[in-house]
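Colleague: Following this message is one structure expressed as structure tokens.
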Amino acid sequence: MIRALLIDDEKTARMDLRAMLAAHPEIEIVGEAATVKSARALLAAEDYALVFLDIQIVGGTGFDLVPNVRAGARIIFVTAHNEHAVRAFEVNALDYLLKPVKAERLARALTRIQLPAAEDAEVAALPGGVSLRADDIIHLSSGSTARFAPISDLGAIEAEENYSLVHLVDGSSVLVRRSLKAWEDMLPATQFMRVHRTVIVNLARLTGYRRDPQKAITLQVQGVAESMPVSRLYWGDLKPRLPGAMLAAGD
């Protein structure tokens, strides 16, 4: 039996989904919430494995609630037609249901959500060859935590062997299983640039740079406590992309 939560601010939508789930006896609805506040209280429990999560909800959005979903629980997003939200799910290969939910689409989502953990991890990764846009939203998952973030909120990305440490402008960071080369291939080149063998930065989030007596250059990035190194190999390409005022201050 899979214990599930329904989080949606439309009572009729919850009733309709509950009725359709009656055809799937392996799913047991153990709780419902209609607001962000009540949903957070519900998500604090440890006895659920699946969440049907609406995107538009009283008090915020479903994206706001992703960090509150317990580690290991699966999420099926539910949304009215919204091009921006739907693209977020598609580019991140996450499952979602469009309202009004159709029984056959629900059945397909449930089949997918019950994949073994190893397969599910691969499904949750960005599809190969995806090119992200500056206005996209990306799903960052470390295995124990997950969240959505606008691409514009990524300040810097550091290589950590086969992983990468994503620094966000709010001061937080997430360790994800993705190589720096994979990030470089998918991020918009107009906004992001590799500045070191181990570092990619968001050019729009740079706040300054320094050159020490040994001529080593480091960048300051919004929300990132440590300065990011710049190698001489990349400095020639980076320098023309820095604002004149920043160059004057740095030199």
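Colleague: So which of MET228, MET246 ends up being within 23 Å of GLY171 (Cβ to Cβ) and at pLDDT 95 or above?
Modeller: Answer to the selection: MET228.
Colleague: Something else now. Which residues, counting only those in region 176-206, are part of a strand (DSSP E or B) and modelled with pLDDT of 95 or more?
Modeller: If the condition is that a residue be part of a strand (DSSP E or B) and modelled with pLDDT of 95 or more, then PHE192, MET193, ARG194, VAL195, HIS196, VAL199, ILE200, VAL201, ASN202, LEU206 are the ones that fit.
Colleague: Mind listing whichever residues of region 174-199 are under 20 Å from LEU233 (Cα atoms) and among the β-branched types (Val, Ile, Thr)?
Modeller: Passing the criteria: THR190, VAL195, THR198, VAL199.
Colleague: Do we find that VAL51 is outside any loop (DSSP other than H, G, I, E, B), without any contact (Cβ under 8 Å) to a residue 60 or more places away in the chain and under 22 Å from LEU94 (Cα atoms) in this structure?
Modeller: Spelling it out, VAL51 is indeed outside any loop (DSSP other than H, G, I, E, B), without any contact (Cβ under 8 Å) to a residue 60 or more places away in the chain and under 22 Å from LEU94 (Cα atoms).
Colleague: Test each condition in (1) over 25 Å from GLY143 (Cβ atoms); (2) surrounded by fewer than 20 Cβ atoms within 10 Å (Cβ to Cβ); (3) under 22 Å from the mean Cα position of the chain (by Cα) for VAL174 and report the one that comes out false.
Modeller: Among (1) over 25 Å from GLY143 (Cβ atoms); (2) surrounded by fewer than 20 Cβ atoms within 10 Å (Cβ to Cβ); (3) under 22 Å from the mean Cα position of the chain (by Cα), the lone unmet condition for VAL174 is (1).
Colleague: Look through region 61-78, keep the residues that are over 15 Å from TYR48 (Cα atoms) and β-branched (Val, Ile, Thr), and return whichever of them is nearest to the chain's Cα centre (by Cα).
Modeller: Looking at residues that are over 15 Å from TYR48 (Cα atoms) and β-branched (Val, Ile, Thr), I get THR61.
Colleague: Let me ask something else about it. Before we move on, is GLU160 surrounded by fewer than 14 Cβ atoms within 10 Å (Cβ to Cβ) and either modelled with pLDDT under 95 or among the hydroxyl-bearing types (Ser, Thr, Tyr) (or both)?
Modeller: no
Colleague: Additional query: May I ask you to say which residue of LEU219, LEU233 is in a helix (DSSP H, G or I) and on the phi < 0 side of the Ramachandran plot?
Modeller: When all the criteria are applied, what remains is LEU233.
Colleague: (1) closer than 27 Å to ALA88 by Cβ; (2) at pLDDT below 95; (3) hydroxyl-bearing (Ser, Thr, Tyr): which one isn't true of TYR209, the others all being true?
Modeller: Every condition holds for TYR209 apart from (1).
Residue by residue, here is whether (1) closer than 18 Å to PHE148 by Cβ; (2) of a type outside the set (Phe, Trp, Tyr); (3) at pLDDT 95 or above; (4) part of a loop (DSSP other than H, G, I, E, B) holds:
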| position | (1), (2), (3), (4) |
| --- | --- |
| ALA19 | no, yes, yes, no |
| GLU32 | no, yes, yes, no |
| LEU42 | no, yes, yes, no |
| LEU65 | yes, yes, no, no |
| ALA71 | yes, yes, no, yes |
| HIS84 | yes, yes, no, no |
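The values are calculated or read from the model by the stated rules, or taken from the named source; none is laboratory data. Just so you know, these numbers come straight off a predicted model, no measurement behind them. So basically every Cβ, Gly included, is an ideal-geometry build from the backbone, and we count neighbours across all protein chains shown.
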